[in-house]
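The values are calculated or read from the model by the stated rules, or taken from the named source; none is laboratory data. Computed from a predicted structure; not experimentally measured. When we count neighbours, we look across all protein chains shown, and the Cβ atoms used for this are built from the backbone with ideal geometry, even at glycine. Please note that ligands, DNA and RNA were not included when accessible areas were found on the heavy atoms of the full protein model with its side chains. Shrake-Rupley method; radii C 1.70, N 1.55, O 1.52, S 1.80 Å.
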Amino acid sequence: MADTDAPTPLVGVVMGSDSDLEVMQPAVDVLEEFGVPHEVRVVSAHRRPHEMLAYGTEAAGRGMRVIVAGAGGAAHLPGMLASTTSLPVVGVPVPLRHLDGLDSLLSIVQMPRGVPVATVSVGGGQNAGLLAVRILATHDERLRSALDEHRATIAGESAEADERVRRRSTDAGGPGFRPR
Ligand code: RP5
């Protein structure tokens, strides 16, 4: 039975294949952490092109605000979705077994003039999720303070890492870090 109480998804996390899920899951995790309503779909540009076009064309009308699209290899999904909608599309290059994801990166980032895709790093699912939250936060005070807190947490972790490394180098008897 359909869950009629489910909130309208604001972010669509889509991928070319379920084999992309491992890379895309961190994006989903971020959206869950920040309490952003979202949906997760396999929308293949090559295997179901008509459904993919319909997804992009209908997304804004369904209340969506951002699309996060991941694909690998001949990674046409983010760019093709961007050509069907004025919503921001965040592209995630998924690394495959061959070519280390450089193929995916170039396929996604090298968009023609007029059709932008905000491309994150190879395998950068988490940053894609965070970028989607940042886009929503431009009009959402709660999300903006949650992002401020998140940045403070990361800064704290980095300070702790600094302390650990400094302590280790001091224990090793020198003021600076010595490679082993
Ligand atoms: C792309 O082809 C998908 O995004 C995936 O990264 C890649 C391989 O797909 P599978 O053959 O694993 O389904 O369209």
Take Gly101 and decide whether it is closer than 21 Å to Leu31 by Cβ and within 15 Å of the ligand (Cβ to nearest atom). no
Residue ID - least open to solvent (accessible area, probe 1.4 Å), chosen from residues in the stretch 117-130 that are in contact with a Gly (Cβ under 9 Å, 6 or more places away or on another chain) and among the hydrophobic types (A, V, I, L, M, F, W, C): Ala128
Restricted to the stretch 15-38 and to residues being farther than 18 Å from Gln126 by Cβ and open to solvent by less than 70 Å² (accessible area, probe 1.4 Å), the residue farthest from the ligand (Cβ to nearest atom) is Pro37
Of all residues making up the stretch 43-70, the number that are outside any loop (DSSP other than H, G, I, E, B) and either farther than 18 Å from Ala132 by Cβ or open to solvent by less than 10 Å² (accessible area, probe 1.4 Å) (or both): 16
With the condition kept exactly as written, say whether any residue in the stretch 12-35 is assigned to a helix (DSSP H, G or I) and more than 15 Å from the chain's Cα centre (by Cα). yes
Name every residue in the stretch 71-91 that is within 15 Å of the ligand (Cβ to nearest atom) and either over 20 Å from Leu21 (Cα atoms) or not in a strand (DSSP E or B) (or both), in order of residue number. Gly73, Ala74, Ala75, His76, Leu77, Pro78, Gly79, Met80, Leu81
Screening Ala82, Ala75, Ala69 for residues that are of a type in the set (A, V, I, L, M, F, W, C) and in contact with an Asp or Glu (Cβ under 9 Å, 6 or more places away or on another chain) leaves only Ala75
Which of the residues belonging to the stretch 89-116 are of a type in the set (A, V, I, L, M) and open to solvent by 70 Å² or more (accessible area, probe 1.4 Å)? Leu96, Leu99, Leu102, Leu106
Which condition number in (1) away from the ligand (no atom under 16 Å from the Cβ); (2) at pLDDT 95 or above; (3) within 27 Å of Arg151 (Cβ to Cβ) is the one that Gly12 fails? (1)
Looking at the stretch 39-57, can you tell me whether even one residue there is in contact (Cβ under 8 Å) with a residue 40 or more places away in the chain and more than 16 Å from the ligand (Cβ to nearest atom)? no
